[in-house]
1. Which condition number in (1) touching a helix residue (DSSP H, G or I) at 6+ places or on another chain (Cβ under 8 Å); (2) open to solvent by less than 70 Å² (accessible area, probe 1.4 Å); (3) not in a helix (DSSP H, G or I) is the one that VAL212 fails?
2. Does the range 421-433 include one or more residues that are in contact with a Gly (Cβ under 8 Å, 6 or more places away or on another chain) and in a helix (DSSP H, G or I)?
3. Out of ALA271, ALA298, ALA334, ALA304, which single residue is more than 17 Å from GLU83 (Cα to Cα), more than 26 Å from the chain's Cα centre (by Cα) and open to solvent by less than 50 Å² (accessible area, probe 1.4 Å)?
4. Go through (1) surrounded by fewer than 19 Cβ atoms within 10 Å (Cβ to Cβ); (2) at pLDDT 85 or above and name the single condition ALA38 misses.
5. Could you count how many residues in the range 158-187 are in a loop (DSSP other than H, G, I, E, B) and open to solvent by 90 Å² or more (accessible area, probe 1.4 Å)?
6. In the range 436-448, what residues are within 42 Å of the chain's Cα centre (by Cα) and free of Cβ contacts under 8 Å to residues at least 40 places away in the same chain?
7. Within the range 356-367, restricting attention to residues that are modelled with pLDDT under 85 and open to solvent by 70 Å² or more (accessible area, probe 1.4 Å), which residue is farthest from ALA304 (Cα to Cα)?
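The values are calculated or read from the model by the stated rules, or taken from the named source; none is laboratory data. Quick caveat, the model's predicted, so the values are computed rather than measured. Because the Cβ atoms are built from the backbone with ideal geometry, glycine has one as well, and the counts that use them run over all protein chains shown. What goes into the accessible areas is simple: the full protein's heavy atoms, side chains included, and nothing from ligands, DNA or RNA. Shrake-Rupley method; radii C 1.70, N 1.55, O 1.52, S 1.80 Å.
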Amino acid sequence: MKLIERENIELLVKNLPDKPGVYQYFDANGKIIYIGKAKSLKKRVLTYFTKTNDSAKTQVLVSKIADIRHIVVNTESDALLLENNLIKEYQPKYNVLLKDDKTFPWICITNEPFPRIFYTRNVVRDGAAFYGPYTSLRTVKTLLDLINEIFLLRTCSLKLTDDNIKANKFKICLEYHMKKCKGPCEGLQAETEYLSDIDIIRKIIKGDLQQVIQYISSMMLEKSAAYEFEAAEILRQKIDILKKFQSRSTVVTPEIRNTDVFTFFDDSSSAYVNYLKIMNGAIVQVHSVELKKRIEEAKEDLLAYAVIELRERLQSTSTEIILPFEIGTDIPGAKTLVPQRGDKKKLLELSERNLSYFRLERKRLAEKADTGRKANSVIEKMKYDLRLNVAPMHIECFDNSNIQGEFPVAACVVFRKGKPAKSEYRHFNVKTVVGADDFATMEEILYRRYSRMLEEDVPLPDLIVIDGGKGQLSAALASLEKLELTNKIAIISIAKRLEEIYFPGDPVPLYLDRNSITLKVIQNLRNEAHRFGISFHRLKRSADFIKSELDAIKGVGEKLKEKLLTHFGSVDGIRNASIEDVEKLCGKAKAGLVIAGLNEK
């Protein structure tokens, strides 16, 4: 392609016709980078080169334009349709991207004797009738449940031709015995009766519930007049089911029969559009989409693009479109309206609320994804800093607590993706170690922890962190060796004095930068394990202290102990109370025992 020099582009633009059409920008490689539509090609394209673009993205686009081509059409509506088709075909780099990868469900009525009805996401043009698309699978399933509740349709895929049925090729199945099918496979149901039900079903799918109710009501009266009361009762039950389903629909106003409603919101990076489809006074479809901006575009152009695209995707034939503002373009086959009051204005407000919920959900998902990306980057950094073979997604940290060998306990805290998983924290009462022996305690706790995990066949951690120096690390390694886990789990320890990191078999510790995210996560693990262990240690010590103070006094049973602690709050409260107050609660003899026993302690 012959490239056009920058100084000649303005001349090319000035020669563009003052007519509606579509313009295409090409880069130096001959690739389409942007497609736009205009009421006047000359005026629209000229704005890119004669005015200052505030948007940096638009400035980048203009700097990459090497050639311009255009297509003239009769009306701006034609230009809008052509622009939409060309964008889908070429997907230019700087055009808005509609982020909606949904494949919508359809209801299919097959083209065969005794047609079957089911939902599908694949439209195959084989003569079958497809209704939709629906924006909600839940709506489709609810509708099919309604149909199956009223009508007894076959679910098998047998070829129920007249010849096959007359030849007795098929036998009725369990569906018939469960009264979910009338047995057309054995000729127990006439095809005319079956097709009559299918005609009613088509009307239900199209939303003509009132017409269907009136039709079945007339049939019910006929059966009743002919004294066929059992058949009339069955028809009455069908009417009740239809009315119940109709009452669950979001009815807005009966006067609005076939209308599309669109609302719009945009920010610096995206535009959001909500769509409501109204049929026979009820909302039958709700759908929201996000349009990712590549350059700054007018909200009118973005909404016009979304209206054309969504109506085409959802195959809307509505003749009226309600919009939040004028878009300056006619929509083929429909008239547009911007209501200022009344029911149609309320529909806009309802659509705006739906759009607001959609935007909040998008924001929440984006924040969650961003948090996940940050967590993954932290984990990858830890893997690099600690020279690990696998990313430490699951980390466990251990700490011991005791006072001069009394009340020894240990704690294990669990982090997943760099964050505490508090439901997985565990406390340990030390069972085999006597006195203050941190090394032996660490060895016991790790052995108990991971022998149990092996027995229960649960995933082991990627990294173990020990609060302590080389001694504690060696004790922990001894347990892993007994369990044959030495080379299956990475293990390190962190010493408190200089925050040095020790590795198995390496006498030289690793000193991480004080601002390192890896060090911060390890410190957080260590501090959390210490906090969790200390809280358990205090609880146990307190319980043991109460027990030794009161239970050691002869003549003071469980009921009296509970009574005293409930009234005075604690052992110190009992000790500081007057003899008279204690006597009032438990009598003179018992009070003497309690006061003497506590004073002796």
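1. Failing condition for VAL212: (3).
2. Taking the range 421-433 as the starting set, the residues that turn out to be in contact with a Gly (Cβ under 8 Å, 6 or more places away or on another chain) are 427.
Still in the running and in a helix (DSSP H, G or I): none.
Among the residues of the range 421-433, not one is in contact with a Gly (Cβ under 8 Å, 6 or more places away or on another chain) and in a helix (DSSP H, G or I), which makes the answer no.
3. None of the others qualify; the one that does is ALA334.
4. (1)
5. Going through the range 158-187, the residues in a loop (DSSP other than H, G, I, E, B) turn out to be 158-161, 167-173, 178-183, 187.
From what's left, open to solvent by 90 Å² or more (accessible area, probe 1.4 Å): 159, 168-169, 171, 178-180.
The qualifying residues number 7.
6. TYR447, ARG448, listed by residue number.
7. Let us first name the residues in the range 356-367 that are modelled with pLDDT under 85, namely 361-367.
Filter once more, keeping what is open to solvent by 70 Å² or more (accessible area, probe 1.4 Å): 361-365, 367.
Values: GLU361: 24, ARG362: 22, LYS363: 24, ARG364: 27, LEU365: 27, GLU367: 29 Å.
For the range 356-367, the residue satisfying everything is GLU367.
For (1) at positive phi; (2) of a type in the set (A, V, I, L, M, F, W, C), each residue gets a yes or a no:
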position	(1), (2)
ALA79	no, yes
ASN95	no, no
GLY132	yes, no
ILE150	no, yes
LYS159	no, no
LYS169	no, no
GLU175	no, no
MET178	no, yes
